[in-house]
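Have a look at the structure below, then the notes.
The values are calculated or read from the model by the stated rules, or taken from the named source; none is laboratory data. Just so we're clear, the structure is a prediction, and the values are computed from it rather than from any experiment. With ideal geometry, Cβ positions are generated from the backbone for all residues, glycine too; neighbour counts draw on all protein chains shown.
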Number of protein chains: 2
Amino acid sequence: MGEDCPNAPPGDCRPSRVQGTHGTSAAKQEVSSHVRVLVLGGDGYLGWPTALHLSESGYEVAVVDNFLRRRYDEELGVQSLVPIEPLEVRTATWHALTGKRIESFVGDLCDGDFVTDVVRRFHPDAIVHYAEQRSAPYSMIDRAHAVHTQQNNVVGNLNVLYAIAEVDPSIHLVKLGTMGEYGTPNLDIEEGWLEVEHKGRTDRVLYPKRPGSFYHLSKVHDSHNIEFTCRVWGLRATDLNQGVVYGQQTPLTERDPKLATRFDYDGVFGTVLNRFVIQAVLGEPLTVYGSGGQTRGIIDIRDTVECIRLAVANPAEPGEFRVFNQLTEQMSVHEMAKAVADAFPGVVEVENVDNPRVEQDSHHYNVVFTGLQSLGLKPHLLSDTLITSLFPVVEQHRDRVDRAALAPTVRWRHPTNPLR
Amino acid sequence: MGEDCPNAPPGDCRPSRVQGTHGTSAAKQEVSSHVRVLVLGGDGYLGWPTALHLSESGYEVAVVDNFLRRRYDEELGVQSLVPIEPLEVRTATWHALTGKRIESFVGDLCDGDFVTDVVRRFHPDAIVHYAEQRSAPYSMIDRAHAVHTQQNNVVGNLNVLYAIAEVDPSIHLVKLGTMGEYGTPNLDIEEGWLEVEHKGRTDRVLYPKRPGSFYHLSKVHDSHNIEFTCRVWGLRATDLNQGVVYGQQTPLTERDPKLATRFDYDGVFGTVLNRFVIQAVLGEPLTVYGSGGQTRGIIDIRDTVECIRLAVANPAEPGEFRVFNQLTEQMSVHEMAKAVADAFPGVVEVENVDNPRVEQDSHHYNVVFTGLQSLGLKPHLLSDTLITSLFPVVEQHRDRVDRAALAPTVRWRHPTNPLR
């Protein structure tokens, strides 16, 4: 079962597991009456701003991470455009600024004993689970990366489900999924469930999925596993099918450069809107895959963290598998490129390149996403303001860019691809 | 990624992998014009009779196995009611009787290099994939067994998909799934796909699944992964959602006791109809879980092997993800118990016990299973003849039964259960 090296990028099997460091156990006693949230993957692009937002909102927050995301950078020979500090520096900075503590546990979710131990010791009211390999191209590099992605994500999530079941089934799981689980069906996309009528009978079923990569598939597997545990163990879970996130700053990460979160632009981990912004500033063409007719849900990073807070503040019922589509608007890739080009003060070229993925670039897309707004989300829509605010961030760090890393190198139709 | 021990029952990490023994490589040359079939899990309950049936039908057959199924017996302290010979004895017996050779490769599908190597060397036209952990109760024992089941099944299947994509995408994958993938929706169960109309639009989607154990979930994950590879790599696959198999003999396994396949009666690996037969002979009550109103698809072992032959003889198209529901009739558990009781010459008691599973015991169930019959399957329906033929088999080996092993010990609602 691979206990010696439960998780590492393929080929990278150095010992990584650290048994739950528990730097601030004293804090637990002081705030035991507070609502407690454990953020898995709390060192990542969204996990870290989420931890800050929850901490600022009055939750007692702890984070779990094994720094695998930082090791993917090493493997691919790339780095975040914006420099990021080690987790311990981040939490110390936050404490110095606010007096609030964020506990950290360093370890691997694929180590089930570690997960159970952390859940038992911190005993959260909610667990926010970001801690998965989250790049579609990374999962499509080759067999080793596909297997790593599914094993890491599915096994880690199973261990979280078991920890909840064994320690306290009332803990609310808030799990990050992706809109990519649905693919692009020729039907409106509902929030996780679908009322079906067939041959005169009706049922409410899990919305059928047609995901577009081994990564997206891993999230579909997770969703099925979670729904099952709600049914048989009475767990309560919220599955958030998130759109493409853009932006790099929240009001809290802006308070100090040491609180910055990562900003990825490379062809493997960089997401489309952020990559376009960086390409615009660098004077590179915005590379649109195929015709750019692919429509996707998108969401501002500031709305992501608020969505998580709302889900935590309004837990699912015991036994409920609740799904929200976490996006605030939908837009074609071509429209995203145009929005960036229009906002940029200089000249921007848009280049259509061969689509490395296998996906429809002309299709129906109409997503229901009323659940989170009914809980109170007030969306930040994509506007010149947000895009414009990203330009100086990129400008400041433009010397850190490796232009060669922008190109897509992973081709879906090939089972084996170069790392870069 | 656990390369040192890619696969073992939880807690059993002895080295098991043997690099592809290739006992009869000469045979490959002699029959190179024949259609070649690689049977993964060819040492198992159904894999072995399938290998014989395909060999008898004129295919050039090789089997792959790592004997994990035999090690589950050791772990659980149980054994097949009917003694089974080692694989090498089985294939030698078959050769002595018929002059036909069945090659064997010993190794673990979770070792991707091994899988690719076998596929490259044997270069089959079709791969029949039985090689998964196939017990629902086993997968529900505890966290380690759930993780083992999903990791073993999902990773093994991914490695098979990659081997096909890399060696020859025209190889037809015939994958064993289960009717348990569907659960018991309040809709008729179609063959894998469903035409859905929603808000005035229509699409053909994967039939929504609501599986009932971590094992059944692993098969759902496999189905999604396979469908994806048909879409992006153009693989051709037949996914067989099989009902509960009953029976122990086929005309070929009957030719010599050394060709016998296993016959499981224990609460973990024993399937319901076979268990009832054994309980009847032993004078034990037939233990029906709950009210016995659960309806399931069933199939005779002789039909299983013929279904595989038909799928191999009529391959899916390139890029096609074809699904058949592999059953020949549907029946409630109560009706199955009654059929066994009626066929048995002595007195039989039927006892309703607390259902250890979480499942509906009163529900709609109407399955479409026309696909395999349209290819030519002539079903053996459950009749006194079949059931009656099993009684002497059990009688002959009744001294091998451990009665304590009959009881269900794994309770779905408990995340942790005793091994027996």
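List of remarks:
- Filtered residues of the stretch A:263-318 (kept if crowded, with 20+ Cβ neighbours inside 10 Å, of a type in the set (S, T, Y) and under 20 Å from A:L240 (Cβ atoms)): A:T295, A:T304
- Selected residue (criterion: nearest to the other protein chains (Cβ to nearest Cβ)) from residues of the stretch B:378-420 that are among the basic types (K, R) and either in a loop (DSSP other than H, G, I, E, B) or in contact with a helix residue (DSSP H, G or I) (Cβ under 6 Å, 6 or more places away or on another chain) (or both): B:R413
- Among the residues making up the stretch B:208-239, those that are in contact with a strand residue (DSSP E or B) (Cβ under 9 Å, 6 or more places away or on another chain), more than 21 Å from B:Q150 (Cα to Cα) and more than 7 Å from chain A (Cβ to nearest Cβ) are B:C230, B:L235, B:R236.
- Number of the condition not met by B:E359 [criteria: (1) assigned to a helix (DSSP H, G or I); (2) of a type in the set (D, E); (3) closer than 30 Å to A:G200 by Cβ]: (1)
- Among the criteria (1) under 29 Å from B:P83 (Cα atoms); (2) within 14 Å of chain A (Cβ to nearest Cβ), the one B:P251 does not fulfil is (2).
- Filter result for A:G267 (at pLDDT below 95 and more than 14 Å from every other protein chain (Cβ to nearest Cβ)): yes
- The condition (being touching a His at 6+ places or on another chain (Cβ under 9 Å) and either crowded, with 17+ Cβ neighbours inside 10 Å or of a type in the set (K, R) (or both)) is satisfied by just one residue among A:L386, A:L372, A:L382: A:L386.
- Matching residues in the stretch A:115-129 - criterion: being under 21 Å from A:W233 (Cα atoms) and touching a residue at least 60 places away in the same chain (Cβ under 8 Å): A:D117, A:V118, A:V119, A:H123, A:P124, A:D125, A:A126, A:I127, A:V128, A:H129
- Within the stretch B:112-129, the set of residues being within 14 Å of another protein chain (Cβ to nearest Cβ) and either surrounded by fewer than 20 Cβ atoms within 10 Å (Cβ to Cβ) or farther than 18 Å from B:E166 by Cβ (or both) comprises B:D113, B:T116, B:D117, B:R120.
The rows are residues; the columns are (1) surrounded by fewer than 24 Cβ atoms within 10 Å (Cβ to Cβ); (2) more than 10 Å from chain B (Cβ to nearest Cβ); (3) without any contact (Cβ under 8 Å) to a residue 12 or more places away in the chain.
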residue	(1), (2), (3)
A:A131	no, yes, no
A:D142	yes, no, no
A:N153	no, yes, no
A:A165	yes, no, no
A:L173	no, yes, no
A:T178	no, yes, no
A:E191	yes, yes, no
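- Unique residue being without any contact (Cβ under 8 Å) to a residue 40 or more places away in the chain and not hydrophobic (A, V, I, L, M, F, W, C) when the list is A:E254, A:E349: A:E254
- Entry remark, the stretch A:50-64: residues being among the small types (G, A, S), without any contact (Cβ under 8 Å) to a residue 60 or more places away in the chain and within 16 Å of A:A92 (Cα to Cα) number 2 in total.
- Residues (part of a helix (DSSP H, G or I) and either under 27 Å from B:H53 (Cα atoms) or touching a residue at least 60 places away in the same chain (Cβ under 8 Å) (or both)) located in the stretch B:326-338: B:V333, B:M336, B:A337
- Per-region count, the stretch A:188-207, residues at positive phi and in contact with a strand residue (DSSP E or B) (Cβ under 6 Å, 6 or more places away or on another chain): 1
- Pairing each residue of the stretch A:302-325 that is farther than 27 Å from A:E254 by Cα with any residue that is of a type in the set (S, T, Y) and buried (at least 19 other Cβ atoms within 10 Å of the Cβ), provided the two are 6+ apart or on different chains, yields C-beta distances under 8 Å for A:P315/A:T238; A:A316/A:T238; A:R322/A:T238; A:V323/A:Y207; A:V323/A:S223; A:V323/A:T238; A:F324/A:T238.
- Among the criteria (1) within 14 Å of chain B (Cβ to nearest Cβ); (2) over 22 Å from A:G267 (Cα atoms); (3) part of a loop (DSSP other than H, G, I, E, B), the one A:V323 does not fulfil is (3).
- Within the stretch A:193-207, the set of residues being of a type in the set (K, R) and within 7 Å of chain B (Cβ to nearest Cβ) comprises A:K199, A:R201.
- Being more than 21 Å from A:H414 (Cα to Cα) and modelled with pLDDT of 95 or more holds for only one residue in B:V154, B:V167, B:V128, and it is B:V128.
- Near pairs, Cβ below 8 angstrom, 6+ apart or cross-chain, from the stretch A:395-408 (over 14 Å from A:V82 (Cβ atoms)) to any residue that is basic (K, R): A:A404/A:R420; A:A405/A:R420; A:L406/A:R275
- The condition of being touching a Ser or Thr at 6+ places or on another chain (Cβ under 8 Å) and crowded, with 24+ Cβ neighbours inside 10 Å holds for only one of B:Q326, B:Q330, that being B:Q326.
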